[in-house]
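Take a look at the structure below.
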Amino acid sequence: MNAGDFFVLLPVLVMAAAPVVVMMTAAFTKGRMRHATAVLLSLAGLAIAFAMLLVVSPAAPRQVTPLIILDSYAVFYMGLIFASSFVVTILSYSYLEGRDGSHHEYYILLLLATLGSAVLVAGSHFASFFLGLEILSISLYSLIAYVRVSERSNEAGIKYLVLAAASSSFLLFGMALVYAQFGTMEFAGIARKSADAAAHTPLLSAGLVMIIIGAGFKLALVPFHMWTPDVYEGAPAPVSAFIASVSKGAMFALLLRYFTLVDIRAYGPLFMIFTVIAIASMFTGNLLALFQNNIKRVLAYSSIAHLGYLLVAFLAGGALAITAVSYYLISYFVTILGAFGIITVLSGKERDADTLEEYRGLALRRPWIAGVFTAMLLSLAGIPLTAGFIGKFYVVTAGVGSALWLLVIVLAVNSAISLFYYLRIVVALYAHTAGEEAAPRLSLAGGIVMAVLTLLLLWLGVYPSPFIRIIQTTVAGLV
């Protein structure tokens, strides 16, 4: 690599250096000072990496070896990932502050998971695809089981470890079959060779199906969703927020890049498989969420349904689909981080505040927190004047533009179903109860984060034009 390649890789290099700096600094600090230092260095690393994106963006696009491409698409999604990880880091500080230990290892793992996500969105080769995915997954194994206060945490970590390892096996096998067909692992090379109709052989179809199975586990799409509710419930609330936003968003961004180049609509059987997965994910996620009394499990099944919604725009294809997916991911990141942020700030030392009964009458004890949580839930439901409504509007527009009528109808039906379990939580928030103990005091950092997320939620829902323009100028170049 030459100096120009190193220059455009500055955001990734900063993210690689940040966990090393946190680890080395931990050797010279201890106790509460070690925790505070680890948080400050983690936030500084994420902020510097984000700033480097602004510095290197004029040099994009640039192919850095066959493995990594730094184009406007990668810069956009890296910015989204770094900003979301910044929020998770702040929430993690207030969550871990009252617990025993210095917790510097937690932030090292969180930064490594962010690094893996950044490699994923900039990947242009199967090798970087797998490398980024494993950096992300291995970090999550430990993060999920980090707070060992109950058997649920250990169970969640082991379950994710076993299923993630199995999904990686499917991915590797699928990559091997695609390589056997085309003799290349570069996305661009595969796209060029797959344009020939003669290349659509059973070997290629089997390889792509294997890749879909592996990616389906990471995205928790039906029928690969079984781990999701248990992992969300057992993991610390900030880690659940990271999995629901950064982890899934990075994986979906890579799939969008790959199948935009390959043109999924040219593969009839593959297109049908994605259609069935989308419909099954929407119905399964929403119907199972109706029977949950645990807020984390509700959000877990809700996330399955939202990935089904995203697949509608994904299957539509074209520039409008990329815009719809990108805007939906922005709105979903803000909303799901806000929802899990409420769980985080209300959680105590012994356990997370994740049962429905713990939120009953919250508006009487903490009206501001209840109002923020209400806004997040209404956005997840797609109510007008929220980010979720505009996101669903763009997804539906992309589906209608490509005449995906069945998927659009299923999306509309499932949006109506989801209203029940979201409003059920809202009703509990404003229920009149007696004899309830006071809710935990909201930290200053947590309050600022929740206020910013709420303002973003409303801004995205009321005046989305600036964000749409950014997406169109930086992301639409993929097609």
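Please treat every number below as a calculation from the coordinates, not as lab data. Note that the coordinates shown come from a computational prediction; the quantities given were computed from them, not determined experimentally. Methodologically, a virtual Cβ is constructed for each residue, glycine included, from the backbone with ideal geometry; neighbour enumeration extends over all protein chains shown.
Given a cut-off of 30 Å, name the pairs among 159/349; 30/159; 296/392 whose C-alpha atoms lie farther apart than that in the structure shown. The partial results should precede the final answer.
Details: 159/349 24 Å; 30/159 33 Å; 296/392 22 Å.
30/159, as the Cα separations exceed 30 Å there.
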Expected unfolding gain across residue 424-residue 469 under the 0.36 nm per residue rule, minus the alpha-carbon gap, is 12.6 nm
Please sort by residue number the chymotrypsin sites (Phe, Trp or Tyr not before Pro) in the range 256-336 whose DSSP state is loop and whose Cβ has at most 15 other Cβ atoms within 10 Å. 291
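Once the Cα gyration tensor of the range 277-479 is found, what semi-axes does its equivalent ellipsoid get, as square roots of 5 times the eigenvalues, in whole Å, sorted largest first? Write out the running numbers ahead of the final one.
Working: eigenvalues 197, 75, 31 Å².
Working through the eigenvalues yields semi-axes of 31, 19, 13 Å.
Which trypsin sites (Lys or Arg not before Pro) from the range 1-89 combine a DSSP loop assignment with at most 16 other Cβ atoms within 10 Å?
Values: sites: 30, 32, 34, 62; in loops: 30.
Passing both the DSSP loop test and the Cβ count: 30.
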Dividing the convex hull volume of the Cα atoms of the range 228-316 by its residue count, what figure in Å³ per residue is obtained? 79
Looking at the chain, I'd like the Rg to Rh ratio, where Rg is from alpha-carbon atoms and Rh is Kirkwood's inverse mean 1/r. 0.95
With the contact rule set at Cα under 8 Å and sequence spacing of 6 or more, what percent relative contact order holds for the chain? 15
Computed Kirkwood radius, in angstrom, where 1/r is averaged over Cα pairs of the range 169-297: 16.1
Per the range 273-372, sqrt(5λ) over the Cα gyration tensor eigenvalues, sorted largest first, in Å, gives 31, 17, 10
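Using 0.36 nm per residue of separation minus the Cα-Cα distance, give me the extension gain between residue 172 and residue 44 in nm, one decimal. Can you show the working numbers first?
Details: separation 128, 0.36 × 128 = 46.08 nm, distance 3.53 nm.
In short, 42.5 nm is gained.
State which stretch of the chain is the longest one without any exposed GluC sites (Glu not before Pro), exposure meaning a DSSP loop state and at most 15 other Cβ atoms within 10 Å. Could the numbers behind the result be given before it?
On the way: sites that count: 97, 350, 436, 437.
By the stated rule (loop sites, at most 15 other Cβ atoms within 10 Å), 98-349.
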If the convex hull of the alpha-carbon atoms of the range 63-208 is projected onto planes in all directions, what is the mean projected area in square nanometres? 10.2
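As an exercise, identify the chymotrypsin sites (Phe, Trp or Tyr not before Pro) in the range 1-109 lying in DSSP coil whose Cβ has no more than 16 other Cβ atoms within 10 Å. Walk me through the numbers on the way to the answer.
Working: sites: 6, 7, 28, 50, 73, 76, 77, 82, 86, 93, 95, 106, 107; in loops: 28.
For chymotrypsin sites (Phe, Trp or Tyr not before Pro) across the range 1-109 that sit outside H, G, I, E and B with at most 16 neighbouring Cβ atoms in 10 Å, the list reads 28.
Per the helix-only calculation at 222 nm, which mean residue ellipticity applies to the chain, given -39500 (n - 2.57) for every DSSP H run of n ≥ 4 and division by its residues, nearest 500 deg cm²/dmol?
Per the formula, -25000 deg cm²/dmol.
How high is the relative contact order of the range 277-479, in percent, counting Cα pairs under 8 Å that sit 6 or more residues apart?
Details: 282 pairs, mean separation 62.4, N = 203.
Rounded, it is 31 percent for the range 277-479.
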Determine ³J(HN,Hα), in whole Hz, for all residues of the range 413-423 in sequence, where each value follows from phi through the Karplus function 6.51 cos²θ - 1.76 cosθ + 1.60 and θ = phi - 60°; x replaces Gly and Pro. 5, 6, 4, 5, 4, 5, 4, 4, 6, 5, 5
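Only counting other Cβ atoms within 10 Å, I'd like 463, 359, 430 sorted with the fewest neighbours first. Walk me through the numbers on the way to the answer.
Working: 463 10, 359 23, 430 15.
Going from least to most buried by this count: 463, 430, 359.
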